[in-house]
Structures are given as structure tokens and as C-alpha cells.
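Each remark here refers to the structure printed beneath this line.
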């Protein structure tokens with residue numbers, strides 16, 4: 001196995017760069033129009049020089065269009081079992097995520113296509129499954145290294161962490177790990193958490209049924225600071241007003257999924273927003289996901305409910 005870049009003509013290299021830049025711009029336009037999560041059909045409109053180019057593989061995880069010498073994207077499929085970790089490709093001791101080879105043959109064309117992208121330091125798209133056939137595109141990402149013994153690549157979610165891995169891996173591994181973990185949380189775990197929670201709640205607030213996706217958040221039952229993980233069972237879809245009120249302990253949600261509003265708030269008189277948005281949800285039950293394994297964990301709700309009662 002060689003780590004040397006393949007010989008590519010300047011014309012081919014320029015074409016490769018245009019494809020990648022065009023693909024990123026296309027995905028950004030989709031997101032700006034409200035299509036943050038994509039299916040295969042959403043990607044069908046991408047073309048370069050009037051030639052359609054597929055952005056994601058239909059079967060395998062790694063994708064290299066025939067017109068290109070290096071991989072353009074790779075994907076991680078949705079895993080519905082909440083007992084599994086929320087992200088299928090695990091981080092290493094250095095805090096960076098890993099992506100597995102296809103099989104164990106280093107010379108498999110898919111593995112060679114990813115290796116070429118790594119050697120050339122080319123940006124890629126990582127499609128992360130949030131539901132069956134539904135993906136969150138994370139881009140651009142880079143491959144920072146390869147670990148042949150473990151049959152995997154090391155993924156960097158930004159160029160800064162790519163450079164930091166070179167500079168800090170030996171000098172200050174603890175600082176590198178801390179930095180990488182913050183990047184992974186901000187660029188992958190939290191966006192994935194939000195999208196998976198919204199999909200589970202069918203893009204509506206669990207309290208007021210608001211369906212304007214851009215006004216919805218994934219509220220943590222237990223926040224990050226209290227050890228809460230970015231998994232669906234630690235999340236509830238809420239509009240921004242209810243999310244802020246929940247975080248401020250203006251209302252709580254019991255392990256029986258019933259809402260309780262703080263007593264002093266119930267006696268306030270402050271116009272229709274307070275009345276209809278907060279006071280009228282007292283005693284109601286939240287709307288739950290249809291999938292039982294996506295519903296809020298009752299033990300986590302009990303911890304948070306007791307905190308709400310103490311704050312009240």
C-alpha cells in the first residue's frame with residue numbers, strides 16, 4: 001500500500017475542484033431553501049458541464065464518480081436501535097472520528113478512492129443518516145490520517161483541526177483531544193441531535209404543535225453540562241419560546257409526560273403570549289413520537305422534573 005498521490009493532469013485536477021465546489025454550493029442552496037435533510041431524489045439536480053453527477057452512493061458507503069480520481073463523499077447509514085451509540089463511526093483516543101474501510105482489502109477501489117482524497121487533502125461530504133434514506137450532509141470534511149491496522153480513516157471536520165492534529169499530536173495530545181471533541185460536538189453531534197429529534201417528532205413542537213421547522217429546536221432533557229448525551233431519548237422537539245422557557249425552569253415535564261408550569265407564572269397577568277403559550281399548557285401532556293424507542297427517557301425526565309420542582 002502506497003501513500004503517494006496518483007498522477008493527475010492539471011485539467012482533471014481543475015475539474016475535480018469544480019465538482020467539489022459546485023457540490024458544496026448545491027447543498028448550501030438546498031439548505032437555504034429549507035432542505036437541510038436530503039434523500040437521493042434531492043441530490044438528482046446536481047450537474048457540472050451539463051452532465052449529471054451523483055453525490056452519494058446508492059449501495060456502498062464510499063462514492064467516487066467515474067469522472068473523478070478521488071472519492072467525493074462517504075456515508076453512515078441510520079441505526080434505529082437507541083441502545084447503540086448515536087454515531088456509528090466512533091471517535092478515537094485523540095477525539096477525532098473514524099470511518100471504516102469498505103471491507104479489509106486496502107486495495108479495494110473504494111478504499112483507494114478515499115486514500116487518494118486523503119493524500120491530496122481534498123474536501124469531502126459526509127452523509128449521516130438520521131432516518132431510513134434520510135441524511136444530514138456534513139461538509140466539507142477532510143481525512144487526516146489512515147489507520148490500516150484498524151481498517152479505517154481519521155476524519156477531521158475542519159481544516160483547523162486537520163492542522164492541529166499535525167502540530168499537537170505529539171506536543172500536547174490532551175489539548176488536541178479537547179479541541180477535537182469541541183469541534184465534533186459543534187459540527188456533528190449537536191446538528192445530528194437536532195435533526196434526529198425533529199424527525200422523531202415529525203417536525204412539530206411537542207407542546208404547541210408548531211410546524212415551522214426553522215422555529216423548532218431539540219431541547220435537551222438533561223443538558224450537556226449535566227452529562228446529557230445527544231441522543232433522541234434525551235431530546236424533545238420544542239419551538240424556540242418553549243425551549244427557552246423549559247431551560248429557564250418556567251415549566252417542567254414529569255416522567256408521565258405531563259407539563260407543570262411554575263406557580264408564580266400561573267398567577268401573572270401579562271397579555272396573550274403568557275396566557276396562551278405558557279399558562280394554558282399547565283396540566284397538558286406533550287405530543288410523543290410514534291416510535292416508542294424515540295420517546296423521552298422517563299428516568300432522565302424524573303431527574304429534570306425534580307430539578308424543576310426545586311427551582312420552583
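Among all residues of region 133-153, there is at least one that is more than 30 Å from residue 35 (Cα to Cα), out of contact with any strand residue (DSSP E or B) (no Cβ under 8 Å at 6 or more places or on another chain) and without any contact (Cβ under 8 Å) to a residue 24 or more places away in the chain.
Per-residue answers, yes or no, for (1) surrounded by fewer than 18 Cβ atoms within 10 Å (Cβ to Cβ); (2) free of Cβ contacts under 8 Å to residues at least 40 places away in the same chain; (3) under 18 Å from residue 220 (Cα atoms):
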{"position": "245", "(1), (2), (3)": "no, yes, yes"}
{"position": "249", "(1), (2), (3)": "yes, no, yes"}
{"position": "260", "(1), (2), (3)": "no, no, yes"}
{"position": "273", "(1), (2), (3)": "yes, yes, no"}
{"position": "279", "(1), (2), (3)": "yes, yes, no"}
{"position": "285", "(1), (2), (3)": "yes, yes, yes"}
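Can you tell me which residue is nearest to residue 294 (Cα to Cα) among those in region 80-121 that are at pLDDT 75 or above and surrounded by fewer than 15 Cβ atoms within 10 Å (Cβ to Cβ)? So, considering only residues that are at pLDDT 75 or above and surrounded by fewer than 15 Cβ atoms within 10 Å (Cβ to Cβ), the one nearest to residue 294 (Cα to Cα) is 93. Selection of region 55-64 for residues being modelled with pLDDT of 95 or more and in a loop (DSSP other than H, G, I, E, B) yields 55, 56, 64.
The condition (being surrounded by fewer than 18 Cβ atoms within 10 Å (Cβ to Cβ), closer than 21 Å to residue 291 by Cβ and in contact (Cβ under 8 Å) with a residue 40 or more places away in the chain) is satisfied by just one residue among 229, 181: 229. Scanning region 44-72 for residues that are surrounded by fewer than 17 Cβ atoms within 10 Å (Cβ to Cβ), within 17 Å of residue 122 (Cα to Cα) and under 23 Å from the mean Cα position of the chain (by Cα) returns no hits.
Kindly evaluate residue 216 against the criterion of being crowded, with 19+ Cβ neighbours inside 10 Å and assigned by TED's automatic domain parsing to the domain that holds residue 246. It is true that residue 216 is crowded, with 19+ Cβ neighbours inside 10 Å and assigned by TED's automatic domain parsing to the domain that holds residue 246.
Scanning region 299-312 for residues being surrounded by fewer than 15 Cβ atoms within 10 Å (Cβ to Cβ) and in contact (Cβ under 8 Å) with a residue 24 or more places away in the chain gives a total of 5.
Checking each residue in region 96-117 for being in contact (Cβ under 8 Å) with a residue 60 or more places away in the chain, out of contact with any helix residue (DSSP H, G or I) (no Cβ under 9 Å at 6 or more places or on another chain) and assigned to a loop (DSSP other than H, G, I, E, B) picks out only 107.
The values are calculated or read from the model by the stated rules, or taken from the named source; none is laboratory data. Every value quoted in this text rests on a predicted model; they were computed, and no experiment measured them. Reconstructed Cβ throughout: ideal geometry from the backbone, glycine too, with neighbour counts over all protein chains shown.
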